[in-house]
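The values are calculated or read from the model by the stated rules, or taken from the named source; none is laboratory data. Since the structure is predicted, the reported quantities are computational estimates derived from the model, not experimental observations. Using ideal geometry, Cβ is built from the backbone for each residue, glycine included, and neighbour counts are taken over all protein chains shown.
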Amino acid sequence: MRVMRWKQRDPFNPLSDFEQLQNEINRLFETERYPTMSGLFDRVISPEIDVVENEDGFVVSCDLPGVEIGDIDVSIADNVLTLKGEKKEESHSPDSKVYRRESWSGSFQRTLALPKAVDTSAVGAVMRSGVLTINLPKREEVKPKQIAVKVQ
Amino acid sequence: MADATKTEPRRRIAPAADICEDKGKVVLRLEMPGVEKNDLSIRIENDELLITAERREEAADGVYLIRERRRADYEKRYTLDDTIDRNRVDAVMKNGVLLLTLHIRESSKPKKIDIRMA
């Protein structure tokens with residue numbers, strides 16, 4: 001399975017391919033740190049995630065620096081995992097001078113369709129030093145079992 | 001910093017930084033997710049402020065289905081001018097965000113001179 005981020009392509013913009021190329025080159029040089037937006041009506045930020053599968057289950061990790069646990073909402077409905085919340089902007093006093101701002105803030109959301117193998121009743125999430133880790137264990141019956149073969 | 005057990009050199013990226021000045025201090029806010037307090041090193045050498053952090057996240061045990069995050073250590077250098085007090089730098093690390101408060105020297109703050117009517 002290979003999942004790629006969906007890129008909107010505007011058929012009426014002849015330069016869209018160049019813009020996409022520019023974005024990809026910017027990403028390569030890390031000048032663009034702002035995550036992409038998604039959603040048709042409510043524009044929300046899609047934070048970058050990793051999904052790793054191993055024998056015991058799936059692990060979803062997401063970088064959310066500076067986000068408090070109370071501002072994150074992880075839920076599962078009909079085998080769809082939704083991870084959403086709000087990354088609050090650092091409050092400044094009105095007379096402070098902002099010289100530079102590279103961090104992002106606002107509402108964020110990611111949804112993932114989970115495979116049938118996930119035991120949704122045993123999902124756990126941990127937030128540690130700005131990294132959210134969601135553990136999605138597999139059901140016992142789908143875990144690979146070692147069957148010892150005896151040579152007679 | 002150099003670890004003999006590591007075979008490949010890790011990539012280093014500059015963390016996302018917010019810089020603002022407020023009431024005699026300059027506040028740097030650096031986003032370094034995955035970094036604990038002990039993995040962080042902040043040094044001032046002459047006019048250079050060097051911030052390095054190792055991202056100590058164990059390698060994933062399994063197969064990546066989606067891989068969007070960057071796995072890298074953090075490094076950022078700033079040049080300080082003479083108005084910054086080298087001896088008064090406060091650092092707080094919380095939730096993967098480093099807040100560095102640099103105080104501006106008292107002598108460098110502008111003095112207001114009252115003008116009286118003659």
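List of remarks:
- Of the residues in the range A:37-60, not one is closer than 18 Å to B:Arg29 by Cβ, at pLDDT 90 or above, within 13 Å of chain B (Cβ to nearest Cβ) and in a strand (DSSP E or B).
- The numbered conditions (1) touching an Asp or Glu at 6+ places or on another chain (Cβ under 7 Å); (2) without any contact (Cβ under 8 Å) to a residue 60 or more places away in the chain; (3) away from chain B (no Cβ under 14 Å) are all true for A:Asn79 except (1).
- When the residues of the range B:68-85 are filtered to those that are surrounded by 15 or more Cβ atoms within 10 Å (Cβ to Cβ) and assigned to a strand (DSSP E or B), the one that is nearest to the chain's Cα centre (by Cα) is B:Lys76.
- Where strands (runs of 3 or more DSSP E) fall entirely within the range A:69-152, those with at least 1 residues that are surrounded by 11 or more Cβ atoms within 10 Å (Cβ to Cβ) and more than 17 Å from the chain's Cα centre (by Cα) are at A:97-101, A:131-137.
- Members of the range B:23-65 that are charged (D, E, K, R), loosely packed, with under 12 Cβ neighbours inside 10 Å and under 25 Å from B:Ile104 (Cβ atoms): B:Lys23, B:Arg43, B:Glu45, B:Glu48
- If the condition is being away from every other protein chain (no Cβ under 12 Å) and within 15 Å of A:Ser61 (Cα to Cα), then the range A:110-134 contributes A:Thr111, A:Val123, A:Gly124, A:Ala125, A:Val126, A:Ile134.
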